[in-house]
2 protein chains.
Amino acid sequence: MRARDLAEPFPIVTPDTDAMAAARAMAGQRLPGLIVCDDDGRPHTILPGSQVLRFLIPAYIQDDPGLARALDADASDQLCRRLVASTVRDLLPRPQDLDELPVVAGDATSLEVAAVMARLHSPLVAVMDDGDGPDRDRVIGAITVSRLLEHLLPA
Amino acid sequence: MRARDLAEPFPIVTPDTDAMAAARAMAGQRLPGLIVCDDDGRPHTILPGSQVLRFLIPAYIQDDPGLARALDADASDQLCRRLVASTVRDLLPRPQDLDELPVVAGDATSLEVAAVMARLHSPLVAVMDDGDGPDRDRVIGAITVSRLLEHLLPA
C-alpha cells in the first residue's frame, strides 16, 4: 500500500492562520499536531501540540511547573487570550530544514513511511501529491503512527 | 480543574508486556503512545509510537528511507514479526530519569499539566493517584495535549 492510500484528510494551516483557530482545530479533532503549509500548499513544518503550550506558558513556569499552582482560573484564561492576537507563525519553533521534515511522496511505500517516522521520531507524516498535475508537491493528507501500525501489523 | 478530572483511561503496559499486544493497543485505539508502568503500577516511562517503528525498521533504512522501496510486502510482514518474540522492554529507548517523565499528581492544576507538557515537549502526561490509599503513586489515567487544549481554550 502506498502513502496516498494511507493518508487521511488533515487540517492544514499556514503561518498566517489565527493561532486560536489552529489550537481549536487540534483540540476539536483530538490531533497530536497540525501540518503548516506555505500559501502555495507546500509543507513548511509540523506544529506539535506541545508547542502551543510552550507559547502559552511563561518560561519560568515551564522551568518549575509547581509554580502554576499559584495561578487561578483567571490567570489561565489570560494566558489563553495570548492566542487571540497571534498567528501560527508566532507559535512555531525555529525554522527547520525541509530535508528534516516528516514528509513523504504519495507513492512512498508503507515501510518508507515507517522509516521516515522512525528517523525523525515523528507521530505524523505529511503526504504530498507526486503526480504531474497542478497539485504536485501540495499536501494531500497525513498519516499518524497509529494509522500506520494498524496497517502494518498482521491481522 | 485538576489533573484527575481531566485524566482519561489509558492502556497501561509493563516492560514485560508482549510487544505485539502493545503495538496493537496503540493502533486499535489510535493513541500517540503508551504509559509503561512497573509491576507495582508506578510509572516507568512513556513509549511513543515512533519508538515501535524504530525497533521494526533496520537502522540502514532509517538512515535512507528510499531504500525501503526495494522491500516488498513479505519483507514488511517479516519485520513486523519481530514484535512477536519481543516485549515492551525491547522497544524502549535508554532509561530516563523519573524526574524527567511527563507525570503529574492527581491534584495538579490544568496549568501545571500544561507546564509539564511544554517543558518536556510531550503529547501526553500520566496522572498519578495522590491520595492516602493503597493506590498512591499508581497511574490512574492520562491527559493528551488535545484534551488539555479542549479544556483550556475559552468556549
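Annotations
- Closest-to-axis residue of chain B (Cβ criterion, axis taking B to A), whole Å: B:P32, 2
- Top of A:L67, A:L56, A:L83 by mean-square fluctuation, Gaussian network on chain A, Cα under 10 Å: A:L67
- Multiplying the residue separation of B:D38 and B:A59 by 0.36 nm and subtracting their alpha-carbon distance yields 4.7 nm.
- Ordering B:105-111, B:130-136, A:133-139 by mean Cβ neighbour count within 10 Å, with the highest value first, yields B:105-111, A:133-139, B:130-136.
- Within 10 Å of each Cβ in B:10-22, the average number of Cβ atoms from other chains: 0
- DSSP beta bridges in the protein assembly as shown [antiparallel fraction, %, rounded to 5]: 70
- Rounded D (µm²/s) - the protein assembly as shown, Kirkwood Rh over Cα pairs, Stokes-Einstein at 37 °C, 0.692 mPa s: 164
- Simple rule: put +1 on each Lys or Arg Cβ and -1 on each Asp or Glu Cβ in chain A, find the dipole, and look at A:G33, A:T45, A:A105; the Cα lying farthest toward the positive end is A:G33.
- Copy-to-copy label separations for B:P93, where each label sits 7 Å from Cα toward Cβ, in nm and ascending: 1.1
- Restricting attention to chain B, close to 70% of DSSP beta bridges with both partner residues there are antiparallel.
- With each label modelled as a point 7 angstrom along the Cα→C-beta vector, the B:D135-A:A21 pair spans 4.2 nm.
- Copy-to-copy label distances for B:P58, where each label lies 7 Å from Cα along Cα-to-Cβ, are 5.4 nm in order of increasing length.
- Each other copy places its own label point for B:T14 at 5.4 nm from this one, sorted shortest first, where the point lies 7 Å along the Cα-to-beta carbon line.
- Think of the protein assembly as shown as having a plus end and a minus end, set by charges on the Cβ of Lys, Arg, Asp and Glu; of A:P93, B:A22, B:P65, B:A22 sits farthest toward the positive end of this dipole.
- When only the Cβ of Lys, Arg, Asp and Glu is charged (+1, +1, -1, -1), the dipole of segment B:17-155 relative to its Cα centre reaches about 500 debye.
- Averaged over residues, the count of other Cβ atoms within 10 Å places the peptides A:34-40, A:146-152 in the sequence A:146-152, A:34-40, highest first.
- Karplus 3J(HN,Hα) series, Hz, for segment B:34-43 with 6.51 cos²θ - 1.76 cosθ + 1.60 (x for Gly, Pro): 10, 8, 9, 10, 6, 4, 8, x, 7, x
- Dividing the convex hull volume of the alpha carbon atoms of chain B by its residue count gives 136 Å³ per residue.
- In a fully extended conformation the segment linking B:H151 and B:R89 would gain 18.9 nm over its present Cα-Cα distance, using 0.36 nm per residue.
Bear in mind that the values in this text are calculations on the coordinates, not laboratory data. Since this is a predicted model, take the numbers as computed values, not measurements. Quick reminder, even Gly has a Cβ in these numbers, built from the backbone with ideal geometry, and neighbours come from all protein chains shown.
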